[in-house]
Amino acid sequence: MMDGLAYRLLTTDEFELAVISLLAVAVFAAIAAALYRPGWTMPRLPYVATLCVCLAAGQLSYLLRCLYFEALDLQQLGRLAFAFVLIWIAIGAIVGIASAARARDAFGSNLLWPLVFVPLANLLLMVAPSRQAHPARIGSRASEVVLVACGCVLVGLTLNMPGVSQDYLERAGDARHVQAELGANIAVDPADSEGLEATLRDMVAKAPLPDTLKARVISIEVHGDVVETAMQVEDDNMALDADWRDETTASLCFSGTQALLLDKGATLKTTYRASNGQLLSDLTLSTDICNAFRAPKEREIIAVIEALDLPQKLSDEVAIIGASYKDKTVTYRYAFTARPSTDSWKAAAQGIMCEQDEFRRIVRLGITIKVEFDLAEGENSVPLGQLVMTATTCSANAR
């Protein structure tokens, strides 16, 4: 259960993680402000500098996700997630106490500290003058101004840091190895005498719940070699049609924990129910069913690749000059006529590619996409880097 929660936290996108961290900081700030009793006050400039440091620390905490794959390999996802929470506790405590002290300094009451989390209203805490004059010290004002300036620079640097996930994925190498590392966190190899059912029970107990945006898990049970999962559909009017079955089959056959269960010899039986308990649909999958499902899909992909007329100019700056399929990996080669102007171009390129229907269809079939980028300089070319995308790294996996 804890590993499942840690997995969800560490694999959320940047916006979701920012919302979660803000809510966590607000909760811990409320606790700290409620426990705060001394009559200590804080002037404007030190308060602004404190907020800058807290904001920068929150941004820098996202760097912990660089350790994601190492944590998977060492089965330490829970500890890594706890490190996130510990940082948010510290930031929340500092923000709560500092805001309570600033509210007391400006308004004579600690009760106005929640203004720090209210847009525009939080400016009152930053600019409101102190009710009582603070004793002047030589150089104190100048040092406070320098402190605020340094804090603002620190915030600017952290807010403009490029995303770490793409660079880390590149260093991780082949994305299929990433999937193997995920399996290391949830799969165990018990003694043969324990039998397949014991193995499957252990794997299910350690695995992240296969919730999706459209359905959530009600129960998971193991009976012999069958893993029975009951799902509740969030929208009772959702069309459980042929397209839905294709998409769900691809997700369950070739993504995450379910693929590992199938590799062990399990049969997956999943039922989908409405909020009132009514049975809407069911799906039974095995390795043979998944292989039969994937084979014609792979042939379609190979046919599309073989039919490409290359080189193919996509814009004035980029052209696709190669495409191939081998060992469940599709490789594309792109050539730029000019060096990209920003350092974040690879992350932007991945975002665009992951939104394309053709790319999403490929990775959902458990196929790896490798994209190689070159800079064309006359008759020669200079490698610019590569992207490796799967259903996991491309966030196209419905798990």
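The values are calculated or read from the model by the stated rules, or taken from the named source; none is laboratory data. These numbers come from a predicted model, not from an experiment. Every residue, glycine among them, receives a Cβ derived from its backbone with ideal geometry; neighbour counts consider all protein chains shown.
General observations
- When Ala266, Ala292, Ala303, Ala307 are checked against the criterion of being surrounded by fewer than 17 Cβ atoms within 10 Å (Cβ to Cβ) and within 30 Å of Asp202 (Cα to Cα), a single residue qualifies: Ala292.
- Conditions (1) farther than 30 Å from Arg216 by Cα; (2) part of a loop (DSSP other than H, G, I, E, B); (3) in contact (Cβ under 8 Å) with a residue 40 or more places away in the chain: number failed by Gly366: (1)
- Any hit, the stretch 246-258, residues being loosely packed, with under 12 Cβ neighbours inside 10 Å and modelled with pLDDT under 85: no
- If you go through the stretch 317-367 and keep only what is within 21 Å of Ala307 (Cβ to Cβ) and of a type in the set (Ser, Thr, Tyr), you end up with Ser324, Tyr325, Thr329, Thr331, Tyr332, Tyr334.
- Residues of the stretch 199-237 satisfying the condition of being among the hydroxyl-bearing types (Ser, Thr, Tyr) and either crowded, with 20+ Cβ neighbours inside 10 Å or modelled with pLDDT of 80 or more (or both): Thr199, Ser219, Thr229
- Scanning the stretch 308-363 for residues that are in contact (Cβ under 8 Å) with a residue 24 or more places away in the chain and of a type in the set (Ser, Thr, Tyr) yields Tyr325, Thr329, Thr331, Tyr332, Tyr334, Thr337, Ser344.
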